[in-house]
Amino acid sequence: QVQLVESGGGLVQPGGSLRLSCVASGSMFRSYAMGWFRQAPGKQRELVARITSSGSTTYADSVKGRFTISRDNAKNTVYLQMNSLKPEDTAVYYCNAFPPLSGSWGQGTQVTVSS
């Protein structure tokens, strides 16, 4: 089973930026498509962005043009660069394979966008 550890969250003002990182265990990382997901209070977890093993990316409409997902297979790491943050981006952010591996959800990292 893949273990995932997210980091990089925090409190940021509207319009600010954050870069999230997710380090994965195991040698199979490079063969997985990976995704960043988020869950806001009272809402279901949603897919924000995903990247295939070859680097193709897709984004939710709500973050398109503001967020960028990338990966470094040599470091077993996937990133989420978040720019022009809005209060509605406030959530706990998680990474996982795509489709998600049920036993691999980490603790997530909290992102709070507030003035």
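Here are the numbers:
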{"read-out": "Residue satisfying all of: in the stretch 37-50; under 16 Å from the mean Cα position of the chain (by Cα) and open to solvent by 20 Å² or more (accessible area, probe 1.4 Å); farthest from SER84 (Cα to Cα) among these", "value": "GLN44"}
{"read-out": "Those residues of the stretch 73-92 which are in contact with a helix residue (DSSP H, G or I) (Cβ under 8 Å, 6 or more places away or on another chain) and crowded, with 22+ Cβ neighbours inside 10 Å, in sequence order", "value": "MET82"}
{"read-out": "Counted residues, the stretch 5-17 - those being among the hydrophobic types (A, V, I, L, M, F, W, C) and open to solvent by less than 30 Å² (accessible area, probe 1.4 Å)", "value": "1"}
{"read-out": "Selected residue (criterion: nearest to ASN96 (Cα to Cα)) from residues of the stretch 22-36 that are open to solvent by 30 Å² or more (accessible area, probe 1.4 Å) and either among the hydroxyl-bearing types (Ser, Thr, Tyr) or under 10 Å from the mean Cα position of the chain (by Cα) (or both)", "value": "TYR32"}
{"read-out": "Criterion (more than 20 Å from GLN3 (Cβ to Cβ), modelled with pLDDT under 95 and either open to solvent by 30 Å² or more (accessible area, probe 1.4 Å) or touching a His at 6+ places or on another chain (Cβ under 9 Å) (or both)) met by exactly one of SER54, SER62, SER70", "value": "SER54"}
{"read-out": "Test: residue in the stretch 93-111 that is over 15 Å from LEU4 (Cα atoms), at pLDDT below 95 and either open to solvent by 70 Å² or more (accessible area, probe 1.4 Å) or of a type outside the set (Val, Ile, Thr) (or both)", "value": "no"}
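Residues are listed down the side, and each one gets a yes or a no for (1) within 12 Å of the chain's Cα centre (by Cα); (2) over 24 Å from LEU11 (Cα atoms):
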site	(1), (2)
THR52	no, yes
TYR94	yes, no
PHE98	yes, yes
GLN110	yes, no
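The values are calculated or read from the model by the stated rules, or taken from the named source; none is laboratory data. Computed from a prediction, not measured in an experiment: that's the story for all the values here. Here Cβ is always computed from backbone atoms with ideal geometry, including for glycine, and neighbour counts include all displayed protein chains. To get the accessible areas, we keep the full protein, side chains included, count just its heavy atoms, and leave off ligands, DNA and RNA. Shrake-Rupley method; radii C 1.70, N 1.55, O 1.52, S 1.80 Å.
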